[in-house]
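The values are calculated or read from the model by the stated rules, or taken from the named source; none is laboratory data. Please read all numbers here as calculations on a predicted model, not as lab measurements. As a convention, Cβ positions derive from the backbone with ideal geometry for all residues, glycine included, and neighbour counts pool all protein chains shown. Heavy atoms of the whole protein, side chains included, go into the accessibility calculation; ligands, DNA and RNA do not. Shrake-Rupley method; radii C 1.70, N 1.55, O 1.52, S 1.80 Å.
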Amino acid sequence: MSCDFLTLAQPGVQKLSPYVPGKPVDELARELGLDPAGIVKLASNENPLGPSDKVLAAIRAELDELTRYPDGNGFTLKTALAARYGVDAAQVTLGNGSNDILELVARAYLAPGLNAVFSDYAFAVYPIATQAVGAQGKIVPAKEYGHDLQAMLAAIDDNTRVVFIANPNNPTGTWFGPDALEYFLAKVPESVLVVLDEAYIEYAEGDELPDGLDYLARYPNLLVSRTFSKAYGLASLRVGYAISSPAIADVLNRVRQPFNVNSLALAAACAALADTDYLAESRRLNDAGMQQLEEGLRALGLSWIASKGNFIAVDFGRDTAAINLALLREGVIVRPMAGYRMPNFLRVSIGLPKENARFLEALAKVLSA
């Protein structure tokens, strides 16, 4: 008799379902016999610009050193981030994507008998990271698909060690303003770590959203998590980071895997951080693409959740499984949201103008069938 290795896993892991990413282009091409060159992928909130020339040059310069381990401390990138944001390098923790930061927080601060608080319709990694270490996830009902910060405060108890909040939120795109964040941080007990996930913060300009880094000096229990995967266009290289108090960063570095960010990623992130023109173009393209999709969806009589990210959650008023399948047959990949308990929605990433137009054209065809 073979051993049932699932039963040997710790209870939290036994109950997990694997994270399902957006369908790759090659996978859809194989499944439906489509030409990969004709497939449009708007499922994973990727930057449609592609990497900048400066990033590609930085990667090429590192290729001769592939036999060497990367700098385990990420000195150059941490120094660049510290200089950019006016913090000490000791406050910076590097991650293999911002997902890695979330996992580090869970491993360092959560355990059986403890809990983390997060919103319904929030990023799938929050419950996964929490449950994987045997802690309880306390899911707070959303308010108009966004964070109900007042209810999240009420959910905190003596066993709460972490609160995950995202601004903007993925997958809904909702956001909260400076006054709401200030009130929330002032009310959270100082023994509870607040993880402010700002994976999409670079798509906001001016005072559209509060900058979590502005609150670090007054709230030592705050950790701000960010990524190079979205606006900086480095999704495949997996570079994320956290900025927090030195004390929290020290704890995270005790559980961080050595060499968790590879040499090519470190070099690319440094180049991306310095390429302000690319970031500005990413914002411009995203703003124009958001307007293009909203106008097209309005013409189709559809509604959506207003978003500050690089994606939009479209409400079809009915289960979207059949619509999603029909779009796949048209060679258009978007993200079903049934896994987020939002079966009537599809999340659509902002693409290039021609990709957005292709999606709208395919959607009109599917809806009229």
Hey, V87 hits all of (1) outside any loop (DSSP other than H, G, I, E, B); (2) farther than 30 Å from A338 by Cβ; (3) of a type in the set (A, V, I, L, M, F, W, C) but one; which does it fall short on?
(1)
Criterion first (over 24 Å from A267 (Cα atoms) and among the aliphatic types (A, V, I, L, M)) does A9 satisfy it?
yes
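Among the candidates I156, I165, I139, I128, single out the residue that is surrounded by fewer than 23 Cβ atoms within 10 Å (Cβ to Cβ), in contact (Cβ under 8 Å) with a residue 24 or more places away in the chain, of a type in the set (A, V, I, L, M) and under 27 Å from A338 (Cβ atoms). Outline the logic, then answer.
Details: I156 fails: under 27 Å from A338 (Cβ atoms); I165 fails: surrounded by fewer than 23 Cβ atoms within 10 Å (Cβ to Cβ); I139 fails: in contact (Cβ under 8 Å) with a residue 24 or more places away in the chain.
Sole residue among the options that is surrounded by fewer than 23 Cβ atoms within 10 Å (Cβ to Cβ), in contact (Cβ under 8 Å) with a residue 24 or more places away in the chain, of a type in the set (A, V, I, L, M) and under 27 Å from A338 (Cβ atoms): I128.
Does V261 satisfy the criteria of being assigned by the TED database to the domain that holds F164, modelled with pLDDT under 95 and open to solvent by less than 10 Å² (accessible area, probe 1.4 Å)?
Working: assigned by the TED database to the domain that holds F164: yes; modelled with pLDDT under 95: yes; open to solvent by less than 10 Å² (accessible area, probe 1.4 Å): yes.
Judged against the criteria, V261 is a match.
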Being touching an Asp or Glu at 6+ places or on another chain (Cβ under 7 Å), touching a residue at least 12 places away in the same chain (Cβ under 8 Å), open to solvent by less than 30 Å² (accessible area, probe 1.4 Å) and not acidic (D, E) is the requirement here; does L42 meet it?
yes
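Test of understanding: among A204, A217, A231, which residue is open to solvent by less than 10 Å² (accessible area, probe 1.4 Å), farther than 21 Å from N73 by Cβ and either of a type in the set (F, W, Y) or not assigned by the TED database to the domain that holds N310 (or both)? Working first, answer last.
Values: A204 fails: open to solvent by less than 10 Å² (accessible area, probe 1.4 Å); A217 fails: open to solvent by less than 10 Å² (accessible area, probe 1.4 Å).
Unique residue meeting the criteria: A231.
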Selected residue (criterion: nearest to G50 (Cα to Cα)) from residues of the range 344-369 that are charged (D, E, K, R) and open to solvent by less than 60 Å² (accessible area, probe 1.4 Å)
E355
So which of A269, A313 is buried (at least 20 other Cβ atoms within 10 Å of the Cβ) and not assigned by the TED database to the domain that holds L34?
A269
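Pick from the range 10-44 the residues that are among the aliphatic types (A, V, I, L, M) and at pLDDT below 75: which of them is farthest from L110 (Cα to Cα)? Working first, answer last.
Start the filter on the range 10-44 by keeping residues that are among the aliphatic types (A, V, I, L, M), which leaves 13, 16, 20, 25, 28-29, 32, 34, 37, 39-40, 42-43.
Narrowing the set further to residues that are at pLDDT below 75 leaves 16, 20.
Values: L16: 16, V20: 24 Å.
By that ranking, first place goes to V20.
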Of the residues in the range 234-255 that are open to solvent by less than 40 Å² (accessible area, probe 1.4 Å) and closer than 14 Å to Y109 by Cβ, the one that is modelled with the lowest pLDDT is V255
Please enumerate the residues belonging to the range 29-38 that are open to solvent by less than 60 Å² (accessible area, probe 1.4 Å) and either within 24 Å of R284 (Cα to Cα) or out of contact with any helix residue (DSSP H, G or I) (no Cβ under 6 Å at 6 or more places or on another chain) (or both).
L34, G38
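Go through the range 95-109 residue by residue and tally those that are open to solvent by 10 Å² or more (accessible area, probe 1.4 Å), more than 15 Å from the chain's Cα centre (by Cα) and not charged (D, E, K, R). Break it down stepwise before answering.
Filtering the range 95-109 down to residues open to solvent by 10 Å² or more (accessible area, probe 1.4 Å) leaves 96, 98-100, 103, 107-109.
When the remaining residues are screened for being more than 15 Å from the chain's Cα centre (by Cα), the result is 107-109.
Filter once more, keeping what is not charged (D, E, K, R): 108-109.
Residues meeting the conditions: 2.
For the range 92-145, which strands (runs of 3 or more DSSP E) that fit wholly inside it have 1 or more residues that are more than 20 Å from T174 (Cα to Cα) and of a type in the set (S, T, Y)? Even if it seems obvious, please write down each step before you answer.
Working: elements: 92-95, 115-119, 136-140.
Result: 92-95.
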Could you list all residues from the range 21-62 that are farther than 29 Å from A267 by Cα and assigned to a loop (DSSP other than H, G, I, E, B)?
G33, L34, D35, I39
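Where in the range 247-352 are there helices (runs of 4 or more DSSP H), lying wholly inside it, with at least 1 residues that are within 23 Å of G233 (Cβ to Cβ) and of a type in the set (K, R)?
Numbers: elements: 263-274, 276-299, 321-329.
Answer list for the range 247-352: 276-299.
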